[in-house]
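A.B. asks: What follows is a structure written as C-alpha cells; I'll ask about it next.
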Amino acid sequence: MPAVQSALVIGGGIAGPVAATALTMAGIEAEVFEARTPDPASAGGIGGSLALEPNGLAALQIVGADDAVRAASAPITGAVMSIASKSRREMPVPQGLPPRQLIDRGALHHILRDRADETGVRIHDAKKLIRVDEHPDGVTAYFADGSSASADILIGADGVHSTVRRLIDADAPAARYLG
C-alpha cells in the first residue's frame, strides 16, 4: 500500500477530532464521522466534567488547542479520594508539573471540534457506522443513512464500546467491568 493520504476517523467526541486534527496537520486528509446528531446546548449529553493531566494538555498543545482548553478550565490544586467505606485519602499532586485542569466535557468537546474545523477537518454528524469493508486500495465505511465514505485507513476513536472494534474483529473482547 502506498503512503497514507486519507483517513476516516470514526467518533466525534474527544479523541476523534484531536486525531483528525493531528493527521491533517501532518498532511493526511482526515474526516470525522460521529453517530450522534449535534446538540450544541449539551454537546450531545456526553457527560459532566473531567480532569486533564499535564500530559493530556501537552498533547493538546501539539494540535493547538491547549490555550483554549486552559481558558475554559480551572486548575485542580488538590484532590481527595474515597472508595466505599475506606477513609478519604489525599491524592498526590504532581511535583514540577502544571496542575491538572478541570473542564466541562461539553466545553472540551466544542473546543476540539472548533479546532478541527479551523484546520480543515470535516465533521459529519448523524453517521452511525454499520459496516466496514477492507480492500486493496483502503477501506470503505458504510453508515445507517445509506451513505458511505472511503479512504486509505480507518481509525476507531469511538470509545470503550467501539463499533469499529466489533466490526473489524468480531472476536475482540467486549468492554466489561473488572471490579
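A.B. asks: Given the DSSP H assignment, sum -39500 (n - 2.57) over each helix run of at least 4 residues in the chain and divide by its residue total; what's the result at 222 nm in deg cm²/dmol, nearest 500?
C.D. replies: Details: 5 runs with 46 residues, N = 179.
That comes out to -7500 deg cm²/dmol.
A.B. asks: Running a GNM on the chain with Cα contacts under 10 Å, which residue among Ile130, Ile153, Ile83 ends up with the highest mean-square fluctuation?
C.D. replies: Comparing Ile130, Ile153, Ile83 in a Gaussian network model of the chain, the most mobile one is Ile83.
A.B. asks: Same structure, new question: When a/c reaches 1.5 or more, the comparison of a/b and b/c decides; with that in mind, is the range 44-108 rounded, prolate or oblate per its Cα gyration tensor?
C.D. replies: Oblate, because a/c is 1.5 or more while a/b does not exceed b/c.
A.B. asks: Can you give the extra length, in nm with one decimal, that the chain gains between Glu29 and Ala174 once fully stretched, where that is 0.36 nm per residue apart less the Cα-Cα distance? Walk me through the numbers on the way to the answer.
C.D. replies: Working: separation 145, 0.36 × 145 = 52.20 nm, distance 3.05 nm.
Contour length minus Cα-Cα distance gives 49.2 nm.
A.B. asks: Rounded to a whole number, what % of the accessible area of the chain do carbon and sulfur atoms account for, probe 1.4 Å?
C.D. replies: Roughly 53 percent of what the probe reaches on the chain is carbon or sulfur.
A.B. asks: Sticking with this structure for a sec: What percent does the relative contact order of the range 1-134 come to when contacts are Cα pairs within less than 8 Å and at least six residues apart?
C.D. replies: Working: 208 pairs, mean separation 48.1, N = 134.
Computed over the range 1-134, the figure is 36 percent.
A.B. asks: For the range 124-179, which chymotrypsin sites (Phe, Trp or Tyr not before Pro) pass both filters: DSSP loop (anything but H, G, I, E, B) and at most 13 other C-beta atoms within 10 Å?
C.D. replies: Loop-located and lightly packed - Tyr177.
A.B. asks: Next question. Cut-off 10 angstrom, C-alpha nodes, Gaussian network model of the chain. Which of Ala59, Ala35, Ala71 fluctuates the most?
C.D. replies: Ala71
A.B. asks: In a shell of Cβ-Cβ distance under 13 Å around Val63, excluding Val63 itself, what net charge do Lys and Arg (+1) and Asp and Glu (-1) give?
C.D. replies: -3
A.B. asks: Have a look at Ile83, Pro98, His124 and report the one farthest towards the positive end of the charge dipole of the range 73-142, computed about the Cα centre with Cβ charges (Lys/Arg +1, Asp/Glu -1).
C.D. replies: Ile83
A.B. asks: What does the net charge come to around Ile28 if you take all other residues with beta carbon closer than 14 Å to its beta carbon, with K and R at +1 and D and E at -1? Please list the in-between numbers first.
C.D. replies: On the way: positive: Arg122; negative: Glu29, Glu31, Asp152.
Value of the local net charge: -2.
The values are calculated or read from the model by the stated rules, or taken from the named source; none is laboratory data. All values reported here derive from a predicted model rather than from experimental measurement. Backbone-built Cβ (ideal geometry, glycine too); neighbour counts: all protein chains shown. Heavy atoms of the whole protein, side chains included, go into the accessibility calculation; ligands, DNA and RNA do not. Shrake-Rupley method; radii C 1.70, N 1.55, O 1.52, S 1.80 Å.
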